[in-house]
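Remarks on the structure that follows.
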Amino acid sequence: MLLSTLQTPRALSRLSLVPPSTLTRHPHAFTSRASLNDQTLSQTQTQTLTSPPPSQILSIRRSLLSGRASAADLALSSLTRLRLAEPRLRSFLHLPDDDAVLVHARHLDALIAAGHDPGPLAGVLVAVKDNICTADMPSTAGSLILDGYLPPFDATAVKRVRELGGIVVGKTNMDEFGMGSTTEASAFQVTANPWDESRVPGGSSGGSAAAVSARQCAVSLGSDTGGSVRQPASFCGVVGLKPTYGRVSRFGLMAYASSLDAIGCFGSSVADTGILLHAIAGHDRFDATSSKQDVPNFQSHFVSVSSLESKPLKGLRVGLIRETIDDGVDAGVISAIRAAALHFEELGCSVNEVSLPSFSLGLPAYYILAVSESSSNLSRYDGIRYGNQVYADELDSLYGGSRAGGFGSEVKMRILMGTYALSAGYYDAYYKRAQQVRTIIRNSFKEALNQNDILISPAAPSAAYKIGEKKNDPLAMYAGDIMTVNVNLAGLPALVLPCGFVEGGPAGLPVGLQMIGAAFNEGELLRVGHIFEQTLENCRFVPPNVVDDIN
Ligand code: GLN
């Protein structure tokens, strides 16, 4: 069985993490590691604490094509695992009937039996954030105003996943309309972090990150306006990829801030996020901002680790953003990022600190622009054009009542702030100024990326914090977005992957490393990220209560 049901105590001990304090580094030991393409089922028995994360997508494909497993059996065992973990984690807002999933799986089995290629995502269970439209499941964006809404179409990204054989296994919990960093702003439930259920999974795509972390699905889709894929990836110890603005169609993504929004990918390995991105990327005639740039086959960027020389990244110029390892960032996070920088050096890179003086301006500029755009985007939810309607005698009370009852407090606050920033007397002081700052930020990234091939930083200033800890302090919550918002303002791609641990929870808490690249250069981020991940010693990013027996 490829995906087992939930853990047994024996399996738990097999995969318990090395405590952070006992970690050691063996810079050249990676030459002995198995290549991505060499991984076979027999590795299940030989998996060690330090084995690199395998690609779940490739393993599922190998199992199906070799006849070792059927898509129906795989789907059933995955669903069992998903449902067992769900009452504790609450990652999902909607789950399909098992029968609906099995219909898709059996169709794939029939294609294979008839000698057809079932597609690169065949049999892969994909969870989808609830602000991405699905025609067969409700899509609420975590909001009461859309409670029960069933879109008449699939978002382009979802359509492409299905066309390539992926099976949509449910809609994941999120902060309402993407506004938040914890899932606590969801109108329906708070998701727990699989590493420590008393902590938040991050947000706003917390459900998608937790589901991958707990192996409730193989990969998932999220959205990232100011960090909502990267910060939860960091909190949950999974890989999160935010593509270049325009790389993936936004058709069917419910708009938060249209000039910043991007659909992104979660996986338990860099390879999986790259394969998923390849599936969903590319021009779409339904989104005029989607790019016509070619989408390379990212899989060709994943070099077999056994064939690596001792300095596989020789010559790569890595810039560590000085302002991100400064005051206000947890000491444990800084040490993990410094250790990651050392690892880059071991791999042959030159690592230098680089200063982006405009970095701290990102947060105020982002919050002005994001709330301004959202106040405009959310005006469509008035109970008539979109959104649930309350009964009222007059039109004004119908609009007002529908919005008052439908939106949560965080969304209302942002609509008010955005309306204020856009109002005639204040437009120049806030919105226009924020746009000017955005240009400065864009240019400073451009310059830094002329001198460096990639930039690195933490993905968040701390590891996952406790549920409720920042709920009543919005400014503290917004400050947590400092590492990610600049990247959206500059429209650049960024990959977050787990790189170490800090103390906390039963097994330590994962820390994410953010790698930022030039526009449309996701291929380089994935190549470098894959080598980094496959050579990182003594770190196994599987939460303590979860069995990862996928090979
Ligand atoms: N936490 C940020 C916000 O609340 C980012 C959210 C996102 O990327 N959707 O705006």
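What to note about this one:
- Convex hull (Cα only) mean projected area of the stretch 409-502, reported in nm² to one decimal: 8.1 nm²
- Carbon/sulfur fraction of accessible area - the stretch 298-374, other protein chains in place, 1.4 Å, %: 51 percent
- Sorting the segments 515-522, 500-507, 180-187 by their mean number of nearby beta carbons within 10 angstrom, highest to lowest, gives 180-187, 515-522, 500-507.
- Separation of alpha-carbon centers, the stretch 158-209 and the stretch 398-460, rounded to whole Å: 22 Å
- With all pairs of separate Cα atoms included, the stretch 271-327 yields a Kirkwood hydrodynamic radius of 15.1 Å.
- For peptides 270-282, 95-107, sequence by mean Cβ density within 10 Å, most packed first: 270-282, 95-107
- Rg of the Cα atoms in the stretch 289-357, relative to 2.2 N^0.38 Å, amounts to 1.47.
- Highest to lowest packing among 201-207, 530-536, scored as the average C-beta count within 10 Å: 201-207, 530-536
- For the chain, fraction of C-alpha pairs farther apart than 45 Å, in %: 9 percent
- Accessible surface, per residue, of the stretch 266-328 when the full set of protein chains is kept, probe 1.4 Å, Å²: 45 Å²
- If you take the Cα centroid of the stretch 69-142 and the Cα centroid of the stretch 479-545, the two points sit 26 Å apart.
- Relative contact order (%) - criterion: Cα under 8 Å, at least six apart; region: the stretch 234-323: 27 percent
- Each Cα pair under 8 Å and six or more residues apart adds its sequence gap; the mean of these over the residue count of the chain is a relative contact order of 21 percent.
- DSSP-assigned coil residues among chymotrypsin sites (Phe, Trp or Tyr not before Pro) in the stretch 125-180, each with at most 14 further Cβ atoms within 10 Å: Phe153
- Summed over qualifying helices (DSSP H, 4 residues or more, each -39500 (n - 2.57)) and divided by its residue number, the chain shows a 222 nm mean residue ellipticity of -11000 deg cm²/dmol.
- Secondary structure note: in the chain, about 65% of the DSSP beta bridges are antiparallel.
- Measuring nothing but how far apart in sequence close Cα pairs (under 8 Å, 6+ apart) lie, relative to its length, the stretch 413-541 scores a relative contact order of 24 percent.
The values are calculated or read from the model by the stated rules, or taken from the named source; none is laboratory data. Given the structure is predicted, the values throughout are model-derived calculations rather than measurements. We place every Cβ from the backbone using ideal geometry, glycine too, and count neighbours over all the protein chains shown. Ligands, DNA and RNA are stripped out before the accessible areas are found, and what is left, the full protein with its side chains, is counted by its heavy atoms. Shrake-Rupley method; radii C 1.70, N 1.55, O 1.52, S 1.80 Å.
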